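The values are calculated or read from the model by the stated rules, or taken from the named source; none is laboratory data. On a predicted model such as this, the values are computed, not experimentally measured, just so you know. Using ideal geometry, Cβ is built from the backbone for each residue, glycine included, and neighbour counts are taken over all protein chains shown.
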Amino acid sequence: MRVLKLLKKENHLLNNELIDTLHMEFIDIYNSVDINSNESIKSKAIALLVHTRNHFRKEETLMNRYKYPRSTEHKNEHNKVIAELEFFIDKSSSIFGMNILKSYYLEKLPYWFNYHLLSMDSDLVAFLRTSKTSFHKKKLEVN
Ligand SMILES: [Fe+2]
Ligand SMILES: [Fe+2]
């Protein structure tokens, strides 16, 4: 029998209040699945799809506002995971499709989440920190 590897909140904090809140919401939904229930896997995958659309929109608003230079790559990664979730949820009405959704949920999604936070979101947070500091410095210089 397969077991769910829980995502640990303390391993996924990036020190940005808004982005951390979004990531904790993702973890709460992800960890609350009953992996012995296909209905639960499907409903949590749908809940994660709804969550990620909002989560990504908020990150992308920050990218646009602060002119983040690597937004194209970051947005492409967002679009890719949304398309995958939509595809696997859509195919899950057959037994074969449901098995694929289950594997995706158990193996790929937590891997993606870890990788995305370590590579893309941490880079965005570091960029926001420096650009906010220089923004405030500029304001002080003007005043
Ligand atoms: Fe994120
Ligand atoms: Fe992101």
Exercise. Right, Arg65: within 14 Å of ligand 1 (Cβ to nearest atom), of a type in the set (D, E, K, R) and free of Cβ contacts under 8 Å to residues at least 60 places away in the same chain or not?
Worked result: no
Exercise. Restricting the first residue to region 97-113 and requiring it to be within 11 Å of Asn38 (Cβ to Cβ), which pairs with a second residue that is surrounded by fewer than 17 Cβ atoms within 10 Å (Cβ to Cβ) and not basic (Lys, Arg) meet a Cβ separation below 9 Å and a spacing of at least six or different chains?
Worked result: Gly97/Asp90; Met98/Asn38; Leu101/Asn38; Lys102/Ile35; Lys102/Asn38; Tyr105/Leu4; Tyr105/Ile35
Exercise. Between residues in region 3-27 that are within 14 Å of ligand 1 (Cβ to nearest atom) and residues that are part of a helix (DSSP H, G or I) and among the aromatic types (Phe, Trp, Tyr), which pairs lie under 6 Å by C-beta distance while being six or more apart or on different chains?
Worked result: Leu7/Tyr30
Seminar exercise, completed: Pairing a residue in region 76-88 that is within 15 Å of Ser103 (Cα to Cα) and of a type outside the set (Val, Ile, Thr) with any residue that is at pLDDT 95 or above and within 11 Å of ligand 2 (Cβ to nearest atom), where Cβ atoms lie under 9 Å and the two sit 6 or more apart in sequence or on different chains, gives Glu84/Trp112; Leu85/Thr52
Problem set entry | Candidate set from region 15-28 (those that are surrounded by 15 or more Cβ atoms within 10 Å (Cβ to Cβ) and either polar (S, T, N, Q) or touching a helix residue (DSSP H, G or I) at 6+ places or on another chain (Cβ under 8 Å) (or both)); member that is nearest to Val125 (Cα to Cα) | Asn16
Seminar exercise, completed: Note on region 28-61: residues in contact (Cβ under 8 Å) with a residue 40 or more places away in the chain and within 15 Å of the chain's Cα centre (by Cα) are Tyr30, Lys44, Ala45, Ile46, Leu48, Leu49, Lys58, Glu59
